[in-house]
Amino acid sequence: RIFEYLDIKADIVDDPEAVDIQPERVAGAIRFDSVRVNYVSNNEEAQESAKTGDPEPRWALDGIDFEILPGQLAAFVGPSGAGKTTISYLIPRLYDANEGRVLIDGIDVRKIKLESLSRMIGYVSQENYLFHASIRNNLLYSKPDATQDEMEAAAKAAYIHERIMEFADGYDTIVGERGYRISGGERQRLSIARVILHQPKLLILDEATSALDSASERYVQAALEPLMKGRTTVAIAHRLSTIADADRILVLDHGRLAESGTHTELLQARGLYAEMWARQQAESETA
Ligand code: ADP
């Protein structure tokens, strides 16, 4: 069974004609062109449902079109299951669209080498993985040749340097599965420091829903702001207050783009966004 597993071929591989793009040549425009994604179309579940005549499994994304200009902050919001995470998967090709195209600077991501994609894209996810290794190695993972000064500057910018210096072993403290248990907020700031070292052209932020206390949430927010400057940022937001000044807010609902615009425009439109905003305001007042 182990060998069978090791023999599994990756679904997502380089196209023979895929091109290498140097990070300094990336402007950072992102476009989705009639994108549809159906997670179950190729798997056994779908074949089963075809046999039993069940209706076609639902599209996780169903005809998504939008364009984000270089340097813009675009925020995706919407109910759980609307398709926000799926959008973020398609840009670095963690998953491929079944139909339509995802383009970076006008080039289909399936025609860009995976290596180039990972060099140009930084991802801060909700579940930031730390290896069972020193903090140093966890940070240098994104830039193995970084100097001590560069690493410390990144940690300072991510508001985590001082915390690291409080550990007896400093940057040599072992973290990860069996290592020192660091908090969720610290883990997130380490992963931001990792992205700062990486200096990607495109940034994908999947906002943590997990309860960060408000002090560490402020630190995380402060660490992210300078990082977003001058980079195209795709943010998946759960708390709308964090993205109210985004260049564009795209509201997803059941795999479709329900509305888009700035915060002010969407409030005036009195649609789904305005409804979500009113609900969150009421909740925070109650809190
Ligand atoms: P959101 O991030 O807005 O909560 P997702 O992009 O995670 O939404 O999910 C969109 C839809 O796709 C949901 O119906 C979800 O259940 C489904 N989905 C997500 N990931 C998978 C997967 N790996 N396999 C099957 N269905 C999935």
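Using the Kirkwood radius over C-alpha pairs as Rh, can you work out the diffusion coefficient of the chain via Stokes-Einstein at 4 °C, viscosity 1.567 mPa s, in µm² per second? My calculation gives 63 µm²/s for D. Please report Rg over Rh for the stretch 179-287, where both radii come from the alpha carbon positions and Rh follows the Kirkwood definition. Radius of gyration over Kirkwood radius for the stretch 179-287 works out to 1.00. You can think of it this way: the chain between residue 280 and residue 125 has 53.5 nm of extra reach, that is 0.36 nm per residue less the Cα-Cα gap. Using a Gaussian network model of the chain in which every pair of alpha carbons under 10 angstrom is joined by a spring, one finds that among 167, 131, 66 the greatest mean-square fluctuation is at 167.
Of all the options 274, 29, 75, the one that moves most in a Gaussian network model of the chain with Cα springs shorter than 10 angstrom is 274. Amide H contacts of residue 75: 235, 248, 249, 250, each under 5 Å away and 5 or more positions distant or on a separate chain (H built 1.01 Å from N in the peptide plane; Pro and chain starts excluded). Considering only the chain, what is the antiparallel percent among its DSSP beta bridges, to the nearest 5? Looking only at bridges with both residues in the chain, the antiparallel portion is about 50 percent.
Across the stretch 54-124, the relative contact order, built from alpha-carbon pairs under 8 Å that are at least six residues apart, equals 22 percent. Placing dummy labels 7 Å off each Cα toward the beta-carbon, the span from residue 6 to residue 156 is 4.6 nm. Among residues other than residue 160 with Cβ under 13 Å from its Cβ, the summed charge is +2 (Lys and Arg +1, Asp and Glu -1).
Comparing 225, 259, 152 in a Gaussian network model of the chain, where Cα atoms under 10 Å apart are tied by springs, the biggest mean-square fluctuation is seen for 225. Cross-link partners for residue 156 among the lysines, with Cα-Cα distance under 28 Å and sequence neighbours closer than 8 places in the same chain left out: 143, 201, 229. With neighbours defined as other Cβ atoms within 10 Å of a residue's Cβ, the residues 88, 118 order from fewest to most as 118, 88. The residues packed around residue 219, meaning those with a beta-carbon under 13 Å from its beta-carbon, carry a net charge of 0 if Lys and Arg are +1 and Asp and Glu are -1. Projecting label points 7 angstrom from Cα along Cα→Cβ for residue 222 and residue 98 puts them 4.6 nm apart. Estimated from the Cβ-Cβ distance and a Förster radius of 41 angstrom, the FRET efficiency linking residue 147 and residue 19 is about 0.85. Applying a DSSP loop filter and a limit of 16 other Cβ atoms within 10 Å to the GluC sites (Glu not before Pro) in the stretch 157-193 leaves 177.
Relative to one another, the C-alpha centroids of the stretch 167-224 and the stretch 60-89 are positioned 24 Å apart.
Each label point is 7 Å from the Cα along the Cα-to-Cβ direction; what then is the distance between the points at residue 111 and residue 247, in nm? For the pair residue 111/residue 247, the computed spacing is 2.3 nm.
Here, each number is a calculation from the coordinates, and none is a lab measurement. Computed from a predicted model, the values in this text were never measured in an experiment. As a convention, Cβ positions derive from the backbone with ideal geometry for all residues, glycine included, and neighbour counts pool all protein chains shown.
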